[in-house]
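Report on the following structure.
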Amino acid sequence: MNFRHCSFLVLVSCIVNVMNGQTTLWGGPNDPNSTFSNGIGGWTTEGINSSIIDSSKNAIWNWSSTGDGKNGAYWSGPGIASPTGSSGAMIFNSDFLDNGGNDLNERGGIAPGPHTGALVSPMIDCSTFGSVVLKFNQYFRNYEAQCFVDVSTDGGVSWIHRHEVNEGFTIEDITTNDDVQLIDLSGIAANHDSVKIRFVFDGDYYFWLIDDVSLISLPDY
C-alpha cells in the first residue's frame, strides 16, 4: 500500500469517526425548527437591502413546500436533496425576487437585485454545550452573490462572527443539491445561553436553499 492510498484511508476513517461520534445538541429529524417541514417555524426573516431602497423589506427568505425555487424565471433541475427536503426547505430566491418569474422582467420584481436578506434562528441555549458545530444541507447556484453564516451570543443584538460559505464561487458555479456543511462554532457559541444564527444571502442571482439545520457536538477525541 503506497503512502497516498494510506493517507486517503486515514482521512476517510477520520470523517467517519467524526460523524459517528456526533451528538445532536439542537434540532434533528423530529424538530420542525430544524427540518422546516411545517413552514418557517420559530425562525424569522429580514429584508436588509435591495437596489430599490423602498423594496428592501421584500428581500426575504421564503418557505418552499417542495424544496425548490421553480417560481424563478431561470430555475432548472431538481430541488434540494436533504433528508427532509421533499416536505419543505427555506430559500432566498434571488431569481424570483428580481424578476417575478419572468425573464423579460429583470429588475422588475418585488425586491430587485443586488439584494440582501437574512434568515434568523430562534434563540438557542448553548450554555451546557462544550462544543458546537453547525450542520446543514444546502443547494446554491451563484451568479454574483455571497453566502454567510453569522453568529450572535446576545440574542441577535449584535453579530460577532461571520463565516463565508461557498467562498470562491464564480459565475454559474453550483453546489450539488445534497451538499452538507459543517462549521465549528465552538469558540463562539459554546457555553452561551442566548445564541442566534443567521444565514445571509448578499448579491445577485440565483438562489440559496437551506434545510435540516442542527447543532452537533464534536467527538471527545
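One residue is enough: does the range 102-119 have a residue meeting the conditions outside any strand (DSSP E or B) and in contact with a Pro (Cβ under 9 Å, 6 or more places away or on another chain)?
Scanning the range 102-119, I find at least one residue that is outside any strand (DSSP E or B) and in contact with a Pro (Cβ under 9 Å, 6 or more places away or on another chain), so the answer is yes.
Scan the range 175-204 residue by residue and report those that are surrounded by 23 or more Cβ atoms within 10 Å (Cβ to Cβ) and in a strand (DSSP E or B).
VAL195, ILE197, PHE199, VAL200, PHE201 - these are the residues of the range 175-204 that are surrounded by 23 or more Cβ atoms within 10 Å (Cβ to Cβ) and in a strand (DSSP E or B).
Tallying residues that are open to solvent by 50 Å² or more (accessible area, probe 1.4 Å) and of a type in the set (S, T, N, Q) within the range 101-126 yields 2. Residue count for the range 137-161 satisfying the condition of being more than 12 Å from TYR206 (Cα to Cα) and outside any loop (DSSP other than H, G, I, E, B): 8.
The single residue among GLU164, GLU172 that is part of a strand (DSSP E or B) and either among the basic types (Lys, Arg) or open to solvent by 30 Å² or more (accessible area, probe 1.4 Å) (or both) turns out to be GLU164. The listed residues are ASP54, ASP68, ASP95, and the only one of them that is surrounded by fewer than 18 Cβ atoms within 10 Å (Cβ to Cβ) and at pLDDT 95 or above turns out to be ASP54. When restricted to residues that are under 18 Å from SER34 (Cα atoms) and either open to solvent by 30 Å² or more (accessible area, probe 1.4 Å) or among the β-branched types (Val, Ile, Thr) (or both), the range 129-160 contains 5.
Here SER86 meets the list (1) open to solvent by less than 10 Å² (accessible area, probe 1.4 Å); (2) at pLDDT below 95 almost entirely, failing just condition (1).
With respect to LEU97, determine if the residue is part of a helix (DSSP H, G or I) and out of contact with any Cys (no Cβ under 6 Å at 6 or more places or on another chain). Yes.
Pick out the one residue from SER76, SER131 that is within 24 Å of ASN30 (Cα to Cα) and either in a strand (DSSP E or B) or polar (S, T, N, Q) (or both). Answer to the check: SER131.
Could you go through the range 37-46 and let me know if any residue there is of a type outside the set (Val, Ile, Thr), under 12 Å from ILE210 (Cβ atoms) and open to solvent by less than 60 Å² (accessible area, probe 1.4 Å).
The answer is yes, given that some residue of the range 37-46 is of a type outside the set (Val, Ile, Thr), under 12 Å from ILE210 (Cβ atoms) and open to solvent by less than 60 Å² (accessible area, probe 1.4 Å).
The C-beta contact set for the range 51-73 (first residue in contact (Cβ under 8 Å) with a residue 40 or more places away in the chain, second residue open to solvent by 50 Å² or more (accessible area, probe 1.4 Å) and among the β-branched types (Val, Ile, Thr), distance under 6 angstrom, 6+ apart or interchain) comprises ASN58/ILE110.
The values are calculated or read from the model by the stated rules, or taken from the named source; none is laboratory data. Not measured: the values here are computed from a predicted model. Counting neighbours? That spans all protein chains shown, and the Cβs are built from the backbone with ideal geometry, glycine included. Just so you know, the surface numbers come from the protein's heavy atoms only, side chains and all, with ligands and any DNA or RNA stripped out. Shrake-Rupley method; radii C 1.70, N 1.55, O 1.52, S 1.80 Å.
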